[in-house]
1. In nm, what is the difference between 0.36 nm times the number of residues separating N313 and S186 and their Cα-Cα distance?
2. Share of antiparallel DSSP beta bridges in region 150-261, in percent to the nearest 5?
3. Using θ = phi - 60° and the Karplus relation 6.51 cos²θ - 1.76 cosθ + 1.60, list the HN-Hα couplings for region 315-332 in order, rounded to whole Hz, with x at every Gly or Pro.
4. Please list the equivalent ellipsoid semi-axes of region 280-352, computed as the square roots of five times the alpha-carbon gyration tensor eigenvalues, in descending order and whole angstrom.
5. Report P(r) for region 244-305: all Cα-Cα distances, bin width 5 Å, range 0 to the bin holding the largest distance, values in whole percent.
6. Report, largest value first, the span of the C-alpha coordinates of the chain along each principal axis, in whole Å.
7. Just to be sure I understand the model, the point goes 7 Å from the Cα along the line to the Cβ. What's the resulting E107 to L298 distance in nm?
8. Once all Cα-Cα distances of region 77-176 are split into 10 Å bins that start at 0, what whole-number percent is in each one?
Amino acid sequence: MDTSEKMFAQACEVMPGGVNSPVRAYRAVNMTPRFIHHAKGSHIFDVDGVDYVDYVGSWGPMILGHSHPIVLQAVEETMKNGLSFGAPTGRETELAQLVISMVPNIEMVRMVNSGTEAVMSAVRVARGATGRDKIIKFEGCYHGHSDSMLVKAGSGALTGGRPDSAGVPAAVAGDTLTAQYNDLDSVERLLAANAGQVAAVIVEPVAANMGVVPPAEGFLPGLRALCDKHGALLIFDEVITGFRLAQGGAQEYFGVRADLVTFGKIIGGGMPVGAFAGSKKLMEHVAPTGPVYQAGTLSGNPVAMAAGIAQLNLLKNKEIYTNIENNAAWLAQQLRDLEAQYQIGCTVNQIGSLLSVFFTDKPVTDFAGAKSSDTERYAAYFREMLKQGVYLAPAQFEAMFVSAAHTIDDLTWTVTAAKLAMQKLSAEK
Ligand SMILES: *Cc1c(COP(=O)(O)O)cnc(C)c1O
């Protein structure tokens with residue numbers, strides 16, 4: 001038994017599945033999760049001192065790599081003044097100003113503590129502002145674990161084989177309509193059948209919780225047009241894409257305007273921060289200026305704000321985005337070349353610094369395509385990669401995150417590891 005196995009056995013006694021978030025449990029890959037001791041740059045080290053090149057990046061936040069000295073310094077300096085006051089500090093305004101300066105089409109921001117909260121609150125604003133109850137989401141998109149969003153959800157919900165959660169009242173789920181990603185007709189049909197009742201369409205502008213599936217040409221502009229036609233709001237859930245595809249997220253990358261935008265992950269620099277944002281007109285529906293209630297004891301926590309401010313300031317450098325996108329594109333191409341050589345039956349999707357290796361030989365352009373993946377083969381690939389010191393997401397329906405800290409050595413080692421893994425899978429086929 002290694003140290004992780006011992007620690008996991010203890011954890012399982014006191015926490016459901018031994019974890020505080022399901023995909024960490026490694027069930028989909030039939031393994032014991034690695035318990036982490038520390039991480040630095042692109043590398044993560046487990047409690048036995050094993051060193052891995054990390055492509056999880058805490059599921060997205062660590063776009064600059066782990067333990068960035070400037071982010072750590074900001075946290076250290078801020079915490080000396082106290083951890084939480086439950087009263088305003090200037091850092092909240094500073095982070096809000098930064099977000100507004102980097103992201104198009106937003107004038108006001110409300111800070112929360114997670115992506116889940118950000119989405120839950122944005123949906124409430126949409127309902128409050130339109131006076132309508134129904135929401136359209138896409139099958140396989142994940143928007144956190146609030147009741148109305150756990151309907152045909154992606155990520156851990158999909159990996160666990162239960163995209164609809166127990167404990168969500170039927171009455172709540174009934175107001176969540178599901179359409180097909182990259183299929184505008186499926187959205188139009190729902191809007192027409194529920195005329196005057198749909199408050200918002202919520203979408204991951206790049207689907208990244210069914211594995212990475214980029215939007216088809218015309219899909220996002222089409223959603224914008226359909227929302228305008230039917231008086232519904234368009235919510236971009238940018239919890240992954242925000243500050244990752246570009247400084248201004250998907251709105252900047254694709255040139256499509258959303259009415260409400262949600263953030264998480266990167267915005268907190270590794271601390272628990274989320275946010276939702278929109279025009280002044282929409283955001284003034286939020287309490288205390290408006291009737292849409294939303295609150296949080298630790299929201300805008302000064303130490304968390306400091307980490308977010310430090311990370312976003314560092315991201316005001318367009319070169320970072322060019323580099324991580326180029327590195328991800330290079331890695332994707334190398335993996336495709338390996339597939340051409342070993343024919344294990346996989347498809348590589350990549351956009352910006354996000355990529356996924358799907359274990360299916362068909363192109364993956366929608367949820368049905370993603371679901372056609374052989375998750376057992378992904379698990380075998382994952383285990384081989386881990387053995388070679390490459391730390392991937394322990395489930396097929398997740399993204400690989402390339403960070404600014406990944407070096408040429410990291411990337412070439414990853415390709416070598418993938419070659420060994422594919423050779424082995426090819427021999428087993
Ligand atoms: C991670 C994620 C969420 C939920 O954020 P949490 O901080 O885990 O609550 C919501 N939407 C998307 C697109 C995500 O990837």
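Bear in mind these aren't lab numbers, they're just calculated from the coordinates by the rules spelled out. None of these values were measured; they are calculated from a predicted model. Quick reminder, even Gly has a Cβ in these numbers, built from the backbone with ideal geometry, and neighbours come from all protein chains shown.
1. 41.7 nm
2. Expressed as a percentage, antiparallel bridges in region 150-261 total about 10.
3. 7, 7, 9, 4, 4, 4, 5, 4, 5, 5, 5, 4, 5, 5, 5, 4, 4, 4
4. Its equivalent ellipsoid spans semi-axes of 43, 18, 13 Å.
5. Here the calculated profile for region 244-305 is 4, 15, 20, 23, 19, 15, 4, 0.
6. Largest first, the chain extends 60, 55, 46 Å along its Cα principal axes.
7. Here the answer is 3.3 nm between the modelled labels.
8. Reading upward from the zero bin: 13, 34, 28, 21, 4.
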